[in-house]
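Here the structure is laid out as structure tokens; the discussion comes afterwards.
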Amino acid sequence: MGKFGLFGKFNVKESERDTLAAILLEAAEAMKSLEEYEIYLVNISDEEPNSVFVYEVWSNENSHPLFLTLDSTQILIESAKPIIAGMERISTLKPSGGKPILTNSIDNVISIKN
């Protein structure tokens, strides 16, 4: 089984985009200890002020549903529900490779090199 990717869109209630982005970034932080988690990018667009886009890559397709069952994930989902107006799976992807995104975090640099 190969890598598994998702590209999704969350529509939020008026002026709640930054709140949801912060919740999703908190989820990304909670995932750092999961080996199966490879990429979780939270994106916003000036053209869609009430949307948050997420691009995810997992080591395999079975990893993503397991993440959703974690207690920490369930807490974040409950905090996000009141501000989410809808969700859309834009695409399911089969990642083939490319250059990873680096941040200023030394943890990210170390994990990418390993």
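The values are calculated or read from the model by the stated rules, or taken from the named source; none is laboratory data. Remember, it's a predicted structure, so these values are computed and weren't measured experimentally. Note that we place each Cβ from the backbone using ideal geometry, even for glycine, and neighbour counts take in every protein chain shown. Only protein heavy atoms, including side chains, enter the accessible area calculation; ligands, DNA and RNA are left aside. Shrake-Rupley method; radii C 1.70, N 1.55, O 1.52, S 1.80 Å.
A few points about this structure:
- Verdict on Lys9 being at pLDDT 90 or above and either basic (Lys, Arg) or more than 15 Å from the chain's Cα centre (by Cα) (or both): yes
- Segment 53-72 residues that are at negative phi and of a type in the set (Gly, Ala, Ser), paired with ones that are in a helix (DSSP H, G or I) and open to solvent by less than 70 Å² (accessible area, probe 1.4 Å) (beta carbon under 6 Å, 6 or more apart): Ser72/Ala30
- Within segment 1-45, tally of residues that are among the hydrophobic types (A, V, I, L, M, F, W, C), within 15 Å of Asn62 (Cα to Cα) and touching a helix residue (DSSP H, G or I) at 6+ places or on another chain (Cβ under 6 Å): 0
- The set of residues in segment 26-54 being within 12 Å of the chain's Cα centre (by Cα) and at pLDDT below 95 consists of Glu26, Ala27, Ala28, Glu29, Ala30, Met31, Lys32, Tyr37, Glu38, Ile39, Tyr40, Leu41.
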